[in-house]
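Trainee: Got a structure here, written out as structure tokens. Questions coming.
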Amino acid sequence: MQWLDFSAHAATAKLAELARAPHDLSAPEGLNPQRIDEYVASFCGFDLLYATQRVTAPVLDALQELADEARLIEQFKAMQAGAVLNRIDGFACENRQVLHTASRDVFEAAPLAPEAAAKAKRELTKLRDFLDELASGAIVNAQGQPFTTMVQVGIGGSDLGPRALYLALKAYRLPGRSARFIANVDPDDTAEVLHGLDLSRTLFNIVSKSGSTLETLTNERLVRAALARAGLDPARHLVAVTGEGSPMDDAANYLRSFYMEDYIGGRYSATSMVGAVTLGFALGFETVTEILRGAHEVDRAAEDGDIRTNIPLLLALLGIWNHNFLGHATVAVLPYSQALSRFPAHLQQCDMESNGKAVTRQGRPVNWQTGPVVWGEPGTNGQHAFYQLIHQGTEVVPVEFIGFRRSQYDNDLEVEGTSSQQKLVANMLAQSLALAMGKNDDNPARRFPGNRPNSVLLADRLTPRTMGALLAIYEHRIVFQGFCWNINSFDQEGVQLGKILSTRLLTLLAGRSGAGEAGSVVQSLLRRAKMM
Ligand code: G6Q
């Protein structure tokens, strides 16, 4: 398939022209009730309120033209049907299909990529059987007791998404079950997670698609050593999620093994076995199914070509407007939900590893901006920390707020006429208005410039289904942007060089030869760092 460069679209020139005088949200009528009512999209249980973006009807029309010219929906449909989109034409590359959506296309009689969906179903059945055996007492520890904790050992895509989802849905934990996570090769991370844990009632879920990641394999060794020290048989306490045929694909070493396919990128793998095993253990199979259902609904709805109704597509184009045309370098994702505390970290990986690229899918250098820096923390905590900069700093930071009308636990109290949940949501909406409208003041230090673009994504409640939908909304917003910028959002060549150099450093530290051509530089650095 041939895709045009971002700069080659007619709509790009039109948008650049419109960006010379963007809508002034701080003007007297810049934000009015009619505008607030007009700039709303509703989709899969979410409402996106975006009157506080610096857009007008002509800007939205031009963004629609851009989406059409770049054939974003056509590319998205091709992706879901199994096109080989993880490639750079004419160069060595992964050359793979991109089928994370197949991991949740398990509800329809006619899935979009039937073979991949059938494999996903097979793994889900294996998982359900395993969870049933744990529940019925068919799988117990050496003393005949049930397992209570699962520790997921994995890093990057094999950690961030599953961890974010678990924290988001802890309110739905099965009685007596919980999960923990080890990612860093920092031995203190493992020590801290293992501290106070009853190893005899713990399962370790070693997750590595490649089965060869230094951090994960090292931590697996630490975990096996800890089990052995406690007189426990590691083969009874370890399960694995890995690629078929990987070095970790060895049934004899694990109580149970699950597979993930090479056409699911790590950062898009939370709805595959990479997330499902630990989530299933701690939250139950039904909850996993609900997450998948929520994501699947979004996968299908996101094939709609209208940017005014398709929220992932609209978020993608609003992001492009802010980044490429208004020139804002970063985007903050600020959830007003403590449960989403690690969701920005997951998005950071998903977005920056996908779209932090500088060559096109034809291997040519880009001459336009690609992915922004993504960051974020939950509100209201952030309000007492970095919001000073986003209100009055010299760097304009577009914000994507996320919030819920109801709490998860319904354990709330009215104080001075409002509940805590109302205070939480009111704070989010107030920040949205304050950023957009600003405030004049004779005192320059108390002046708020306004015109700081933002949008609010709202749903009723953070349930498993809502979480699945939210995850997919963001996955697709990232993928749509990558398609539009004509980059390959599915490889991660940029993480290789550091890995290679660290292997050289470790070779020297271990007293072996073979540090390669950078040997003398590496050696000097190690000496300077007083490591040798
Ligand atoms: C994600 C990346 C990366 C990967 C980790 C872990 O898209 O590929 O973050 O998930 O490096 O890899 P393994 O699962 O192979 O251990």
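Trainee: Once you put a point 7 Å from the Cα of ASP304 and another 7 Å from the Cα of LYS121, both along the Cβ direction, what distance in nm separates them?
Mentor: Reported label-point gap for ASP304 and LYS121 is 2.8 nm.
Trainee: Debye sum, Cα scatterers, segment 371-412, no solvent: what log₁₀ I/I(0) at q = 0.23, 0.28, 0.31 1/Å?
Mentor: -0.91, -1.13, -1.24
Trainee: In terms of modelled amide H atoms, which long-range or inter-chain residues lie less than 5 Å from the amide H of MET260?
Mentor: Amide H neighbours of MET260: THR242, GLY243, GLU244.
Trainee: Please state, to two decimals, what the Cα-based radius of gyration of segment 200-326 comes to when divided by 2.2 N^0.38 Å (N = residues).
Mentor: Normalised Rg, Cα atoms only: 1.40.
Trainee: Need one number: nm distance between label points at ARG447 and SER212, each 7 Å from Cα along Cα→Cβ, rounded to one decimal.
Mentor: 5.9 nm
Trainee: So what's the back-of-envelope 222 nm ellipticity for the chain, counting only DSSP H runs of four-plus at -39500 (n - 2.57) apiece and dividing by all residues, rounded to 500?
Mentor: The helix contribution divided over the chain gives -12500 deg cm²/dmol.
Trainee: Let me ask something else. For a test of the definition: using alpha carbon positions, the gyration tensor, and the 1.5 limit on a/c, classify segment 234-278 as rounded, prolate or oblate.
Mentor: oblate
Trainee: Can you give the alpha-carbon Rg of segment 252-308 over 2.2 N^0.38 Å, where N counts its residues?
Mentor: 1.41
Trainee: With both partners inside the chain, how many of the DSSP beta bridges are antiparallel, as a percent to the nearest 5?
Mentor: 30 percent
Trainee: Can you pull out the chymotrypsin sites (Phe, Trp or Tyr not before Pro) in segment 370-457 that DSSP calls coil and that have at most 10 other Cβ atoms within 10 Å?
Mentor: Here the sparse-neighbourhood loop sites are TYR409.
Trainee: Let me ask something additional. In the chain, how many lysine pairs have Cα atoms under 24 Å apart, counting only pairs 8 or more places apart or on different chains?
Mentor: Lysine pairs meeting the criterion: 13.
Trainee: Sort 5-11, 215-221 for me by packing, meaning the mean count of neighbouring Cβ atoms within 10 Å per residue, highest on top.
Mentor: Output ranking for 5-11, 215-221: 215-221, 5-11.
Trainee: Starting at the first residue of segment 27-32, write each ³J(HN,Hα) from the Karplus equation 6.51 cos²θ - 1.76 cosθ + 1.60 with θ = phi - 60°, in whole Hz, x for Gly and Pro.
Mentor: Taking θ as phi minus 60°, the curve returns 5, x, 9, x, 9, 9 Hz for segment 27-32.
Trainee: With 19 Å as the cut-off, how large is the P(r) tail for segment 461-532, expressed as percent of Cα-Cα pairs?
Mentor: For segment 461-532, the fraction of Cα-Cα distances above 19 Å is 59 percent.
Trainee: Tell me whether segment 124-273 comes out rounded, prolate or oblate; compute the Cα gyration tensor, take square roots of the eigenvalues as a ≥ b ≥ c, and use a/c under 1.5 as the rounded threshold.
Mentor: In terms of gyration-tensor shape, rounded.
Trainee: Within segment 454-532, which GluC sites (Glu not before Pro) sit in a loop by DSSP and count at most 11 neighbouring Cβ atoms inside 10 Å?
Mentor: Taking segment 454-532 and a limit of 11 other Cβ atoms within 10 Å, the loop GluC sites (Glu not before Pro) found are GLU517.
Trainee: Per residue, how big is the convex hull around the C-alpha atoms of the chain? Give it to me in cubic angstrom, could you?
Mentor: That works out to 185 Å³ per residue.
Trainee: Which of rounded, prolate or oblate describes segment 373-479 when judged by the alpha-carbon gyration tensor and an a/c cut-off of 1.5?
Mentor: The shape class here is oblate.
Trainee: Quick one: angle between helix 285-301 and the longest Cα principal axis of the chain, in degrees between 0 and 90, rounded to 10, please.
Mentor: Approximately 40 degrees, to the nearest 10.
Trainee: List the residues of segment 416-448 whose backbone N lies under 20 Å from a point placed 7 Å from the Cα of THR394 along the Cα-to-Cβ direction.
Mentor: Answer for segment 416-448: 444-448.
Trainee: Okay, moving on. Tell me the Kirkwood radius of segment 269-379: reciprocal of the mean inverse pair distance over distinct alpha-carbon atoms, in Å.
Mentor: 16.3 Å
Trainee: In nanometres, what is the gap between the two model label sites at ALA81 and THR56, each 7 Å from Cα along Cα-to-Cβ?
Mentor: Inter-label distance under the simple model: 3.9 nm.
Trainee: Principal axes first, then extents: for the Cα atoms of segment 119-179, list largest minus smallest coordinate on each axis, whole Å, largest first.
Mentor: Taking the Cα atoms of segment 119-179, the three principal extents are 34, 29, 21 Å.
Trainee: Using only C-alpha atoms and all pairs of different ones, pull out the Kirkwood radius for segment 19-144 in Å with one decimal.
Mentor: Here the Kirkwood hydrodynamic radius works out to 19.7 Å.
Trainee: Within segment 99-174, list the trypsin sites (Lys or Arg not before Pro) lying in a DSSP loop whose Cβ has at most 15 other Cβ atoms in a 10 Å radius.
Mentor: Taking segment 99-174 and a limit of 15 other Cβ atoms within 10 Å, the loop trypsin sites (Lys or Arg not before Pro) found are ARG173.
Trainee: Could you derive backbone 3J(HN,Hα) for segment 383-397 from the dihedral phi with the Karplus parameters 6.51, -1.76 and 1.60 (θ = phi - 60°), listing whole Hz in sequence and x where the residue is Gly or Pro?
Mentor: Each residue of segment 383-397 in turn: 4, 8, 10, 9, 5, 3, 5, 6, 8, 10, x, 7, 8, 7, 10 Hz.
Trainee: Non-local amide H neighbours of GLY438 (under 5 Å, H modeled in plane, Pro and chain starts lacking H): which ones?
Mentor: GLY450, ASN451
Trainee: Calculate one ³J(HN,Hα) per residue across segment 44-60 by plugging θ = phi - 60° into the Karplus curve 6.51 cos²θ - 1.76 cosθ + 1.60, and present them in order as whole Hz with x for glycine and proline.
Mentor: 6, x, 10, 10, 10, 9, 10, 4, 8, 8, 8, 10, 9, 4, x, 5, 5
Each value in this text was obtained by applying a stated rule to the coordinates, not by laboratory testing. Keep in mind it's a predicted model, so treat the numbers as computed, not measured. Methodologically, a virtual Cβ is constructed for each residue, glycine included, from the backbone with ideal geometry; neighbour enumeration extends over all protein chains shown.
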